[in-house]
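*Asks:* Pasting in a structure now, in structure tokens, and then I'll have a few things to ask.
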Amino acid sequence: GAGVSQSPSNKVTEKGKDVELRCDPISGHTALYWYRQSLGQGLEFLIYFQGNSAPDKSGLPSDRFSAERTGGSVSTLTIQRTQQEDSAVYLCASSLPGTSGGVLPTDTQYFGPGTRLTVL
Amino acid sequence: QKEVEQNSGPLSVPEGAIASLNCTYSDRGSQSFFWYRQYSGKSPELIMSIYSNGDKEDGRFTAQLNKASQYVSLLIRDSQPSDSATYLCAVRANDYKLSFGAGTTVTVRA
């Protein structure tokens, strides 16, 4: 079946502009994550959505970053007034809900291909 | 101290040899441990997960976990050129967040 999709695959923008990155999770996956990967670094957690629960925004690096998830499916990560240090690959992942029916998702996170953001 | 640390690499091994990757973590309450493989320019893909102390084998891959030492490793036997990639160690405590190491780049020489 279809995996996680992200768009655009590449985005080049000028410092100070706003950008929107899109993630389409695997159908039926209620958990959705955004990560950021800077060159040569591991993945940095940004935000987590689980069903209709309030998102965990604790990883967002500044108030210029925001994300929403409409209808429990597609998510958009918005970066306002971009800075050069925002340049990175932004990865989205999704996973199934917890088998207990509770809040925690099952373990396997499936990653999308990422959006490479370059801020000039 | 970083939450998850990996041997920095890069690691170069000849084809057919064993590649050994190490990872340590700081949160003693961590419950789930994962190894992801990431080819250059691609997204990470899960290759192993381990939850209990000991070894877990899957094909040419063996994950080893020692919670007392806060250590998890990945062995790749009979390394192939197609194993050349960056391997990311990820650890989860008792919530949904994964903490990733910076990765170890492995190159398998033909």
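*Asks:* Can you tell me how many residues within region B:96-110 are surrounded by 13 or more Cβ atoms within 10 Å (Cβ to Cβ) and either part of a loop (DSSP other than H, G, I, E, B) or among the basic types (Lys, Arg) (or both)?
*Replies:* Pass one, region B:96-110, residues surrounded by 13 or more Cβ atoms within 10 Å (Cβ to Cβ): B:96-108.
Pick out the ones that are also either part of a loop (DSSP other than H, G, I, E, B) or among the basic types (Lys, Arg) (or both) and you get B:96-97, B:101-103.
Total satisfying the criteria: 5.
*Asks:* Right, next: Scan region B:70-77 and give yes if some residue there is at pLDDT 95 or above, of a type in the set (Ser, Thr, Tyr), touching an Asp or Glu at 6+ places or on another chain (Cβ under 6 Å) and more than 23 Å from A:Cys92 (Cα to Cα), otherwise no.
*Replies:* Looking for residues that are at pLDDT 95 or above, of a type in the set (Ser, Thr, Tyr), touching an Asp or Glu at 6+ places or on another chain (Cβ under 6 Å) and more than 23 Å from A:Cys92 (Cα to Cα), one finds none in region B:70-77, hence no.
*Asks:* Would you tally the residues in region A:64-88 being of a type in the set (Asp, Glu), surrounded by fewer than 16 Cβ atoms within 10 Å (Cβ to Cβ) and closer than 17 Å to A:Glu20 by Cβ?
*Replies:* Residues of region A:64-88 of a type in the set (Asp, Glu): A:68, A:85-86.
Narrowing further to those that are surrounded by fewer than 16 Cβ atoms within 10 Å (Cβ to Cβ): A:68, A:85.
Next, from what is left, pick out any that are closer than 17 Å to A:Glu20 by Cβ: A:68.
Qualifying residue count, region A:64-88: 1.
*Asks:* Going residue by residue through region A:51-73, is there one that turns out to be β-branched (Val, Ile, Thr) and in contact (Cβ under 8 Å) with a residue 24 or more places away in the chain? Show your work before the answer.
*Replies:* Of region A:51-73, the ones β-branched (Val, Ile, Thr) are A:70.
In the following step, the residues that additionally are in contact (Cβ under 8 Å) with a residue 24 or more places away in the chain were identified as none.
No: zero hits.
*Asks:* With the condition being surrounded by fewer than 19 Cβ atoms within 10 Å (Cβ to Cβ) and free of Cβ contacts under 8 Å to residues at least 40 places away in the same chain, I'd like the strands (runs of 3 or more DSSP E) fully within region B:14-95 carrying at least 3 qualifying residues.
*Replies:* Values: elements: B:19-25, B:32-38, B:45-50, B:54-58, B:61-66, B:71-76, B:85-92.
Here the list reads B:45-50, B:54-58, B:61-66.
The values are calculated or read from the model by the stated rules, or taken from the named source; none is laboratory data. Quick caveat: nothing in here was measured; it's all calculated off a predicted structure. As a convention, Cβ positions derive from the backbone with ideal geometry for all residues, glycine included, and neighbour counts pool all protein chains shown.
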